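Q: Following this message is one structure expressed as structure tokens.
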Amino acid sequence: MKIERLELRLLKLPLVHFFETSFGRIDDKHFIIVRVDGEGATGFGECVAEQDPYYSAETNETCWHIIADFIAPRVLGATFGHPRELFPALKAIRGHNMAKAAVEMAAWDLYAKQRGEPLSRVLGGTRDRIASGVSVGIQRSLDDLAAAVERELAAGYRRIKIKIKPGWDLDAVEIVRSRFGAIPLMVDANAAYSLADANHLARLDPFDLMMIEQPLDYDDVADHAALQRMLKTPICLDESIKTVGIARQAIDAGACRIINIKPGRVGGFAESIRLHDLCASHGIPVWHGGMLESGIGRAANIHLSTLPNFTLPGDVAASKRYFDPDLIEPPIEVAADGTIAVPTAPGIGVAICDDRIAHATIRHQICALD
Ligand code: OSB
Ligand code: MG
């Protein structure tokens with residue numbers, strides 16, 4: 001596989017509904033799409049960095065810089081036997097996993113398309129449908145939250161996650177449990193608490209949540225281990241799991257019982273597969289996280305979710321919750337049973353609407369060999 005041309009686009013797409021977490025609210029999604037071309041085929045990768053360095057240290061600006069100035073020169077013109085060779089080839093660049101992942105995932109799509117196989121098969125996936133859950137952001141009121149959850153349950157989603165933060169936690173969980181009973185329910189704090197809040201967080205235990213996601217700092221493992229010893233509710237780590245090595249430390253320390261995999265956070269599909277396999281060998285179930293992706297990144301997430309240890313429903317939902325229209329046609333849809341069909345066409349297996357991409361583009365750069 002040879003990458004002859006790499007194209008970067010920064011896109012701005014309005015969200016159907018604002019999304020609010022413990023670090024703020026967004027109304028539009030700004031994100032980079034990477035296109036790679038080689039030997040007559042084309043691959044796409046979506047970068048999950050955001051405008052602001054709040055979820056992670058990376059932003060669209062840092063990703064643009066790292067891809068254009070450091071990753072492109074290392075992949076353009078190079079021959080790779082397999083896309084799993086890309087991440088190691090970028091070893092000299094420390095960190096910047098979201099930038100690396102965007103290019104690496106585009107290379108996997110390119111490779112799968114050159115072979116005429118769906119990405120799920122190339123990744124080693126084993127299912128043809130995936131279980132879909134939703135992430136419900138912080139709302140204007142508890143009534144709005146209950147209405148949002150009711151809508152998602154009616155759409156068929158198999159698991160509800162609600163975002164929490166200090167001042168929007170026990171009451172939010174209480175209203176959802178009292179209105180909707182024993183549904184599969186979890187919370188995500190996006191690092192909004194500290195170990196000093198342990199007793200407060202333990203008050204979530206009676207609600208029998210599937211898990212609490214990333215209660216403590218984005219770069220912490222040790223305090224999560226201490227907190228897990230004080231909670232009945234399983235801890236799931238998201239932000240903290242930046243590398244497979246950190247995941248090993250977290251598992252060994254007892255800092256989590258579940259891990260959320262986002263390929264952008266760990267540097268792409270090859271690292272995601274290593275993380276998936278590490279978790280499987282320790283009996284840690286995984287689920288696929290989401291970053292409000294367009295249909296391009298969403299399709300990629302669906303393919304990765306077909307690996308066997310993705311036993312819990314992920315944050316991979318229908319296109320129309322996010323963008324209308326999406327960048328792909330047809331959009332990704334969830335069936336009444338809360339599952340999503342895995343695309344079967346080569347690569348990510350979705351048709352990309354070039355006109356919609358062009359319309360949403362606010363910056364464009366082509367990196368090619370001289
Ligand atoms: O913590 O999982 C998260 C969105 C942006 C940044 C971080 C997170 C999220 C979500 C949304 O929870 C998941 C989705 O619906 O894509
Ligand atoms: Mg999260």
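Q: Using the Cα gyration tensor of the stretch 150-269, with a ≥ b ≥ c the square roots of its eigenvalues, what is the shape: rounded (a/c below 1.5), prolate (a/b larger than b/c) or oblate (neither)?
A: oblate
Q: Please compute the contact order of the stretch 206-304 in relative form: average sequence separation of alpha-carbon pairs under 8 Å and at least six residues apart, divided by the residue count, as a percent.
A: Worked out over the stretch 206-304, it gives 23 percent.
Q: Another one. Can you pull out the trypsin sites (Lys or Arg not before Pro) in the stretch 133-166 that DSSP calls coil and that have at most 13 other Cβ atoms within 10 Å?
A: Details: sites: ARG140, ARG151, ARG158, ARG159, LYS161, LYS163; in loops: ARG140, ARG158, ARG159.
For trypsin sites (Lys or Arg not before Pro) across the stretch 133-166 that sit outside H, G, I, E and B with at most 13 neighbouring Cβ atoms in 10 Å, the list reads ARG140.
Q: Let me ask another. Restrict the search to the stretch 52-124; then list the trypsin sites (Lys or Arg not before Pro) that DSSP places in a loop and that have at most 16 other Cβ atoms within 10 Å of their Cβ.
A: Values: sites: ARG74, ARG84, LYS91, ARG94, LYS100, LYS113, ARG115, ARG121; in loops: LYS91, ARG94.
Loop-located and lightly packed - LYS91, ARG94.
Q: Here's a follow-up. Given only helices, namely DSSP H runs of n ≥ 4 each adding -39500 (n - 2.57), what is the per-residue ellipticity at 222 nm of the chain, to the nearest 500 deg cm²/dmol?
A: Counting only the DSSP helices, I get -9000 deg cm²/dmol.
Q: OK, next. What list of ³J(HN,Hα) values in whole Hz, one per residue of the stretch 320-330 in order, does the Karplus curve 6.51 cos²θ - 1.76 cosθ + 1.60 (θ = phi - 60°) give from phi, with Gly and Pro shown as x?
A: Values, residue by residue: 5, 5, 10, 9, 9, x, 7, 7, 10, 9, x Hz.
Q: Same structure, new question: What is the distance in Å between the Cα centroid of the stretch 328-363 and that of the stretch 7-47?
A: Using only Cα atoms to place each centre, the spacing works out to 13 Å.
Q: If you don't mind, another one. For the chain, give the share of DSSP beta bridges that are antiparallel, in percent and rounded to the nearest 5; count only bridges with both residues there. Let's see the in-between values first.
A: On the way: 33 of 54 bridges.
In the chain, approximately 60 percent of DSSP beta bridges are antiparallel ones.
Q: Moving on. For the stretch 228-370, count all C-alpha to C-alpha pairs, find those more than 22 Å apart, and express that count as a whole percent of the total.
A: Tail of the P(r) past 22 Å holds 47 percent of the pairs.
Q: Then there's this: Taking 0.36 nm per residue of separation and subtracting the Cα-Cα distance, what length does fully extending LYS91 through ASP277 add?
A: Value of the extension gain: 64.8 nm.
Q: Also, I was wondering about something else. Simple spin-label model, 7 Å along Cα-to-Cβ: ALA335 to MET230 in nm?
A: Output for this residue pair reads 4.5 nm.
Q: Using only the heavy atoms of the protein chains and a 1.4 Å probe, how would ARG177, ARG35 rank by accessible area, largest first? Don't skip to the end; give the middle numbers.
A: Values: ARG177 45, ARG35 70 Å².
The residues order as ARG35, ARG177, largest area first.
Q: So for the chain, considering every pair of alpha-carbon atoms, how many percent are separated by more than 25 Å?
A: 51
Q: Which residues does a label at LYS12 reach in the stretch 37-51, if reach means a backbone N under 14 Å from a point 7 Å past the Cα toward the Cβ?
A: Backbone N within reach: 51.
Q: When the accessible area of the chain is split by element with a 1.4 Å probe, what percent falls to carbon and sulfur?
A: Numbers: 7160 of 14320 Å².
Heavy-atom surface of the chain belonging to carbon and sulfur, 1.4 Å probe: 50 percent.
Q: May I ask you to give the solvent-accessible area per residue for the stretch 1-138, in square angstrom, as obtained with a 1.4 angstrom probe?
A: On a per-residue basis, 39 Å².
Q: Using modelled backbone amide H atoms (1.01 Å from N, in-plane), which distant-in-sequence or interchain residues come within less than 5 Å of ARG5's amide H?
A: For ARG5, the qualifying residues are ASP37.
The values are calculated or read from the model by the stated rules, or taken from the named source; none is laboratory data. Predicted model, so just to flag it, every value in this text is computed and none were measured. Heads up, the Cβs are rebuilt from the backbone with ideal geometry, glycines too, and the neighbour counts pull from every protein chain shown. Heads up: the accessible areas ignore ligands, DNA and RNA and are worked out on the full protein's heavy atoms, side chains in. Shrake-Rupley method; radii C 1.70, N 1.55, O 1.52, S 1.80 Å.
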